[in-house]
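> The structure is given below, and queries will be raised subsequently.
Every number in this text was worked out from the coordinates using simple rules, so none of it is lab data. On a predicted model such as this, the values are computed, not experimentally measured, just so you know. Cβ placement follows ideal geometry from the backbone for every residue including glycine, while neighbour counts extend to all protein chains displayed.
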Amino acid sequence: MDMNVLPIFVTFLVAFIVCWVLMPPFINIMEKYRILDKSGGRKIHSGYTAHLGGVIIALSFSVAIVSTLFTYRQEVALLRMLYFAILMLIMLFVGIRDDMNNLSPMAKLCFEIMVGFAMAYAGLKITDFTTFNNTVVHIPEFLSYALTIFFFIVICNSYNLIDGIDGQAGMQAINTFLFIFLFFFIYAEDSSPFTMLTSDFMSMMCVAIIGSLLGFLKFNWQKARVFMGDTGSLFIGTMITIVLIMATKYAFACTFLVDNGYIIRLKSTVVPFVCFFYLPLADTLRVFVGRVLKKKSPFSADKTHIHHILLHLGYSHQRITLTTFTISFLISVISVALAFVLNDVEFAIVLVLSWFVYVYVIYSVARKLLHKKL
């Protein structure tokens, strides 16, 4: 096996096995001490279910990464890695606190702003995008900070809101990390001027969290024995933000060499990566706009997300999870192709138009469902 592939496979295997082995005793502990998520309100599950599963996901990920560093001595910026590890830990503990004793939305928002600012301060921020004639436009510093913080808040909350049925949050995250992994593994070059972390290490991060999530899904599949909770959604949301922004940094140096020696560069360096997380973002925006149009707070609770609609159509949790994953996968594949054809401005226009199509399709399905009930 190629040495580039072996550490990746080992990292994935370690994360998967650790999560698979530790989750059953963790569930038993949660049940013994009655640390359970009660059904009712907007919650779809019945009875009591163990939560805080995000703790084991984070632990499995950490064990896999540390074992990789010690075994293969990855050349990474250790201080930078520690810096971002602390940020992920902060969000993990915010999630634990929220799962154990509900944290106010304002308190969570304050932590998200703080962590988002810390990311931008360390250099992990959205700084450039491509426009017509492949011109690279530099975003002013203050706007770069604001955009990065906003992006982080949106990602974390969108991911949290998509976690409504068994397996869905895990599968949506796997889709995102899978395509980001392929980008770093196949295309990204360490000749990039942005050398915060190597592309090899970013590949390791992606496979480590994929392995952890697959181990978790064994116990989160319908009927779930454990939920990841805000503990998991905030931790994973932070990771998604980090890898997406890192991917945009490397995209400017990304080249694709075809057989005849002709080099193709990505025309779009920001928007296609966002599309790897398209469905949670699009559905959250649709729901928020719908609530505002009804003169309600965008943060008010309801059952209008895509998984709620599909549940009303009689879909099982498994079928909804696989359906939404398939949609996300196809959108990601199309986005990869369009990245070589459209610049960021053109891609953004296509994205906005596709969102209106998505809203119309969901509206049509919901209307048909309403007519059936009448």
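> Each residue of region 198-207 in order: what ³J(HN,Hα) in whole Hz does its phi give by Karplus 6.51 cos²θ - 1.76 cosθ + 1.60, θ = phi - 60°, with x for Gly and Pro?
For region 198-207, the Karplus-derived couplings read 6, 5, 4, 5, 5, 4, 4, 4, 5, 6 Hz, x marking Gly and Pro.
> Please get the size of the charge dipole for the chain, origin at its Cα centre, with Cβ charges of +1 on Lys and Arg and -1 on Asp and Glu, quoted in debye to the nearest 20. Provide the component values of the computation, followed by the final result.
Numbers: 27 positive and 20 negative charges, 355 e Å.
For this selection, approximately 1700 debye.
> Along the positive direction of the dipole of region 6-264 (beta-carbon charges: Lys, Arg +1; Asp, Glu -1; about the Cα centre), which of Phe61, Val10, Leu78 reaches farthest?
Towards the positive end, the residue furthest out is Phe61.
> Between Lys294 and Thr131, with labels modelled 7 Å along Cα→Cβ, what's the label distance in nm to one decimal, could you check?
3.9
> Once the dipole of region 6-264 is set up with Lys and Arg at +1 and Asp and Glu at -1 on Cβ about the Cα centre, which of Ala120, Cys156, Val226 lies farthest towards its positive end?
Farthest along the dipole direction, towards plus: Val226.
> Going by a ≥ b ≥ c, the root eigenvalues of the Cα gyration tensor, does region 79-125 fall in the rounded group (a/c under 1.5), the prolate group (a/b larger than b/c) or the oblate group? All intermediate terms of the calculation are to be shown ahead of the outcome.
On the way: a/c = 4.98, a/b = 1.74, b/c = 2.87.
Oblate.
> Also, quick follow-up: Quick check on my link table: of Lys218/Lys303; Lys32/Lys303; Lys295/Lys368, which ones sit more than 29 Å apart, alpha carbon to alpha carbon?
On the way: Lys218/Lys303 26 Å; Lys32/Lys303 32 Å; Lys295/Lys368 24 Å.
Exceeds cut-off: Lys32/Lys303.
> Provide Ile306, Ile57, Ile245 in ascending order of the number of other Cβ atoms located within 10 Å of each residue's Cβ, fewest first.
The most exposed by this proxy come first: Ile245, Ile306, Ile57.
> Label region 91-246 by shape, choosing from rounded, prolate and oblate, from the square roots a ≥ b ≥ c of the eigenvalues of the Cα gyration tensor; if a/c is under 1.5 it is rounded, and otherwise prolate applies when a/b is larger than b/c, oblate when it is not. Provide the component values of the computation, followed by the final result.
Working: a/c = 2.25, a/b = 1.36, b/c = 1.66.
Note, shape of region 91-246 comes out oblate.
> With r as the distance between the Cβ atoms of Leu82 and Ile139 and R0 = 41 Å, compute the FRET efficiency 1/(1 + (r/R0)^6) and round to 0.05. List each step's numbers first, then the result.
Details: r = 27 Å, r/R0 = 0.67.
Calculated transfer efficiency: 0.90.
> Residues with amide H under 5 Å of Asp128's amide H, sequence separation 5 or more or different chain, H placed in the peptide plane at 1.01 Å from N; which?
Ile139
> What net charge is computed for the residues neighbouring Thr130, neighbours being all others with C-beta under 15 Å from the C-beta of Thr130, Lys and Arg scored +1, Asp and Glu -1?
Counting the neighbours of Thr130, the net charge comes to 0.
> Tabulate in residue order the Karplus-calculated ³J(HN,Hα) for region 341-358, using 6.51 cos²θ - 1.76 cosθ + 1.60 with θ = phi - 60°, rounded to whole Hz; enter x for Gly and Pro.
Rounded to whole hertz, the list is 10, 10, 7, 5, 5, 4, 5, 4, 4, 4, 5, 5, 4, 5, 5, 5, 5, 4.
> If you don't mind, another one. Under 1.5 on a/c is rounded, so check that first for region 303-373, then, if it is not, pick prolate when a/b is larger than b/c and oblate when it is not; a ≥ b ≥ c are the square roots of the alpha carbon gyration tensor eigenvalues. It would help to have the intermediate numbers written out before the result.
Working: a/c = 3.95, a/b = 1.84, b/c = 2.15.
Since a/c reaches 1.5 but b/c is at least a/b, the shape of region 303-373 is classed as oblate.
> Hey, what number do you get for the chain at 222 nm if only DSSP H runs of n ≥ 4 count, each worth -39500 (n - 2.57), divided across all residues, to the nearest 500? Don't skip to the end; give the middle numbers.
On the way: 13 runs with 248 residues, N = 374.
Estimated from H runs of four or more residues: -22500 deg cm²/dmol.
> Further question: Give, as a single signed number, the net charge of other residues whose beta carbon lies under 13 Å from the beta carbon of Val352, with Lys and Arg counted +1 and Asp and Glu -1.
Net charge around Val352: -1.
> Using the Karplus curve 6.51 cos²θ - 1.76 cosθ + 1.60 with θ = phi - 60°, what ³J(HN,Hα) values do you get for each residue of region 127-140, in whole Hz, with x for Gly and Pro?
10, 9, 8, 9, 10, 4, 6, 6, 6, 8, 9, 8, 7, x
> What's the local net charge at Phe26, with K and R +1, D and E -1, over the other residues with C-beta under 12 Å away?
Numbers: positive: Lys32, Arg225; negative: Glu31.
Taking every Cβ under 12 Å from that of Phe26, the sum is +1.
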